[in-house]
Amino acid sequence: MTSPTYQRTPLDKRPDFTKILCVAGFYCIISGALNGVAVQELGTPVGYTSGGMVNSGRFFATGNKEAPKILAMCASFYCGGLIAGMWPSGCDGDHIFEGRPSPGMILSAAMIFIGAYAKKVLNRPTFCMQIWALAQGLMNATSSSFSAVPMRATHTAGGQTDAAISLGKAIVEWWHGRKPACQRKVYLNAICCAGMILGGMLAGKYHKKFGTFSALVPAGALFMSATLLPKMIAPDEPPKKQ
C-alpha cells in the first residue's frame, strides 16, 4: 500500500504560518544548544560545514593533525543529507505539521545521545564529533524537506541571504510606490536567528553544570519535537489528498 499524497502549499499561502515560525524557532534553539555544547566539548560546531572546510584547508596547509578529523566531520554532515535522500518517507519535513511522528528527527536525537555517551563514558571525542555532525546533517536535511520552504534548521546563512534579497526587493518596490511582495521569509529567518542565539545562550548556561551530558537537553527536545509536538499542533482536519 502506498502512502497518501497530501496537498501542500508554499509558505506565502500557508494558513499555519505562526506554527511554522514556532517550529522553526524551536528547531534552531535545539541546534544552537547542541552546537554550543560541541564548541565547549570538541572545539568546533558540528551543524554546518563552511567553517569546517575552511579550517580543514588551513590545518592541512599548516600540518595540523586535526585536519582529517574536521574534514571527516564535514563528510558526516553531508551523509546526513544522503540518508534523507535515500529515506524520503522517514525524513519528510511535513510530518510534524500533519500530525505524524518524524522518524528522521527521532534518529537524529538518538545519534546525539550516542555521541554524548561516546564522549563522556567511552572517551571517544572523534566519534562524538562525527556522529553529532551526522545527526545535524540529518536534522537539517529533514527540516529542509519541508514543502512550504526549506527551514535549514542547523544554520542561518542561506536563510539570511534569501531574507535579505527579499527585503531588498521590497524596499525597491516601496520606494517606487508599489506594494511589496509578502515578506514571510524575512520573519522566518529572524525567528531562526533568534532561536540559534537563544540555543547558544542556553548551552553556555547548562554546560557549566552538566558538561558533556548537557547535550541530552537538545537530544530530548528534538525527540519531543518528533513525537509529542506533532500531536500538539496537528491540524483540526486531516490534510486533503490531491
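The values are calculated or read from the model by the stated rules, or taken from the named source; none is laboratory data. Bear in mind the structure is a predicted one, so any value in this text is a computation, not a measurement. Note: ideal-geometry Cβ built from the backbone for every residue, glycine included; neighbour counts use all protein chains shown.
Values computed for the structure shown
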| item | result |
| --- | --- |
| Hey, ARG178 assigned to a loop (DSSP other than H, G, I, E, B) and either farther than 20 Å from PHE26 by Cβ or without any contact (Cβ under 8 Å) to a residue 12 or more places away in the chain (or both) or not | yes |
| Unique match (being of a type outside the set (Gly, Ala, Ser), within 22 Å of VAL23 (Cβ to Cβ) and in a helix (DSSP H, G or I)) among PHE113, PHE146, PHE127 | PHE113 |
| Residue check for PHE77: in contact with a helix residue (DSSP H, G or I) (Cβ under 9 Å, 6 or more places away or on another chain) and over 24 Å from VAL121 (Cα atoms) | no |
| Restricting the range 136-167 to residues that are among the hydroxyl-bearing types (Ser, Thr, Tyr) and in contact (Cβ under 8 Å) with a residue 12 or more places away in the chain, the residue that is farthest from ILE96 (Cα to Cα) | SER166 |
| Subset of the range 64-84 that is touching a residue at least 40 places away in the same chain (Cβ under 8 Å) and either outside any helix (DSSP H, G or I) or of a type in the set (Phe, Trp, Tyr) (or both) - its residue that is surrounded by the most Cβ atoms within 10 Å (Cβ to Cβ) | PHE77 |
| Of the criteria (1) in a helix (DSSP H, G or I); (2) of a type in the set (Val, Ile, Thr); (3) under 13 Å from the mean Cα position of the chain (by Cα), which one THR154 fails | (1) |
| Failed criterion for ILE197 (all others in (1) surrounded by fewer than 17 Cβ atoms within 10 Å (Cβ to Cβ); (2) within 20 Å of the chain's Cα centre (by Cα); (3) outside any helix (DSSP H, G or I); (4) not polar (S, T, N, Q) hold) | (3) |
| Residue list for the range 103-142, filter: small (Gly, Ala, Ser) and under 14 Å from GLY80 (Cβ atoms) | GLY104, SER108, ALA109, ALA110, GLY115, ALA133, ALA135, GLY137, ALA141 |
| Test: GLY43 is within 25 Å of LEU202 (Cα to Cα), at pLDDT below 95 and out of contact with any helix residue (DSSP H, G or I) (no Cβ under 8 Å at 6 or more places or on another chain) | yes |
| Members of the range 26-54 that are part of a helix (DSSP H, G or I), under 10 Å from the mean Cα position of the chain (by Cα) and among the small types (Gly, Ala, Ser) | SER31, GLY32 |
| Checking LYS119 against (1) of a type in the set (D, E, K, R); (2) surrounded by fewer than 22 Cβ atoms within 10 Å (Cβ to Cβ); (3) touching a residue at least 40 places away in the same chain (Cβ under 8 Å), the condition it does not meet | (2) |
